[in-house]
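Undergrad: To start, I am sharing the structure in question, which I have written as structure tokens.
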Ligand SMILES: [Zn+2]
């Protein structure tokens, strides 16, 4: 496969990866979705150095040599162990000790898997827009789709009686706001823009605070009502995007305080929580 990145901008390197894979299956406690999740989890067996040493967690369908190409698959293969590793090294050290119980810390790998699948479950609730994203590939429409997937996933998890659901919601939120909100190009990367919007929502209702040690403390359940409210708003927007194109997706971030130019979306976050997370992310980038 050819992958972007390397010693100079615009460089594409030739890389190889050997992996074992199995189809991803939704946890039985998640409500039935309109269609099955269409992705595989992989375990990396060997890879050339550029891929092995990078932080890539996904092989996209266009990077795979296959007989029949799926038309609706967003990912080819997801390396869960790499996602888990990123959580342990980048996210967990930023959280207050009490955020996860001793029992939850022991099963963070499983909770990360469930959090990933909850987000995918959220995407399956917005199948109409998925089609729109695939056909238009518009950045701002994709941001709405990402935010919708997270909001739907979080509301589902907070209402779910399963004993792992609350901890799964914490993992999903923590990974988004600690790691993805600070990706290297936060004005252009869809995940980063959606994650920053989620962070703003959660901070406003006190679901994310700084604890006694100065690290992050989560009370996702406190945001249940606000998340549901925003979910209704984002769902409406999705429908509007399907009929009216990109304009509604443009108005949403602008109304929420973002600077939007073409498909770039930028918002400097001013709260002490955001300053702490920005600082933590810059240190982890330097250390990487
Ligand atoms: Zn997504």
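The values are calculated or read from the model by the stated rules, or taken from the named source; none is laboratory data. Since the structure is predicted, the reported quantities are computational estimates derived from the model, not experimental observations. For neighbour counting, all protein chains shown are included, and Cβ atoms are generated from backbone atoms with ideal geometry for every residue, glycine included.
Undergrad: Looking at (1) surrounded by fewer than 24 Cβ atoms within 10 Å (Cβ to Cβ); (2) touching a residue at least 12 places away in the same chain (Cβ under 8 Å), find the lone condition where residue 185 falls short.
TA: (2)
Undergrad: Hey, can you tell me all the residues within segment 188-198 that are touching a strand residue (DSSP E or B) at 6+ places or on another chain (Cβ under 8 Å) and either surrounded by fewer than 24 Cβ atoms within 10 Å (Cβ to Cβ) or without any contact (Cβ under 8 Å) to a residue 24 or more places away in the chain (or both)?
TA: Hit for segment 188-198 is 188, nothing else.
Undergrad: May I ask you to verify whether residue 103 is within 13 Å of the ligand (Cβ to nearest atom) and either under 17 Å from residue 247 (Cβ atoms) or modelled with pLDDT of 85 or more (or both)?
TA: So residue 103 fails the test.
Undergrad: In this structure, is residue 115 within 13 Å of the ligand (Cβ to nearest atom), surrounded by 22 or more Cβ atoms within 10 Å (Cβ to Cβ) and either modelled with pLDDT of 95 or more or in a loop (DSSP other than H, G, I, E, B) (or both)?
TA: yes
Undergrad: Filter segment 230-245 down to residues that are in a helix (DSSP H, G or I) and farther than 14 Å from residue 197 by Cα, then give me how many there are.
TA: The total comes to 11.
Undergrad: Which one of these is at pLDDT 85 or above and either touching a strand residue (DSSP E or B) at 6+ places or on another chain (Cβ under 8 Å) or within 16 Å of the ligand (Cβ to nearest atom) (or both): 178, 141?
TA: Result: 178 is the single residue among 178, 141 that is at pLDDT 85 or above and either touching a strand residue (DSSP E or B) at 6+ places or on another chain (Cβ under 8 Å) or within 16 Å of the ligand (Cβ to nearest atom) (or both).
Undergrad: Is it true that some residue in segment 121-135 is surrounded by 18 or more Cβ atoms within 10 Å (Cβ to Cβ), modelled with pLDDT of 95 or more, within 13 Å of the ligand (Cβ to nearest atom) and assigned to a helix (DSSP H, G or I)?
TA: For segment 121-135, residues surrounded by 18 or more Cβ atoms within 10 Å (Cβ to Cβ), modelled with pLDDT of 95 or more, within 13 Å of the ligand (Cβ to nearest atom) and assigned to a helix (DSSP H, G or I): absent.
Undergrad: Also, quick follow-up: State which residue is farthest from the chain's Cα centre (by Cα) when the search covers only segment 158-192 and only residues that are in a helix (DSSP H, G or I) and more than 20 Å from residue 216 (Cβ to Cβ).
TA: Applying the filter and picking the extreme gives 165.
Undergrad: Kindly establish whether residue 248 is assigned to a helix (DSSP H, G or I), out of contact with any strand residue (DSSP E or B) (no Cβ under 8 Å at 6 or more places or on another chain) and surrounded by 16 or more Cβ atoms within 10 Å (Cβ to Cβ).
TA: Criteria met by residue 248.
Undergrad: Let me ask you something else. Hey, residue 202 hits all of (1) crowded, with 23+ Cβ neighbours inside 10 Å; (2) more than 15 Å from the ligand (Cβ to nearest atom); (3) over 20 Å from residue 233 (Cα atoms) but one; which does it fall short on?
TA: Among (1) crowded, with 23+ Cβ neighbours inside 10 Å; (2) more than 15 Å from the ligand (Cβ to nearest atom); (3) over 20 Å from residue 233 (Cα atoms), the lone unmet condition for residue 202 is (3).
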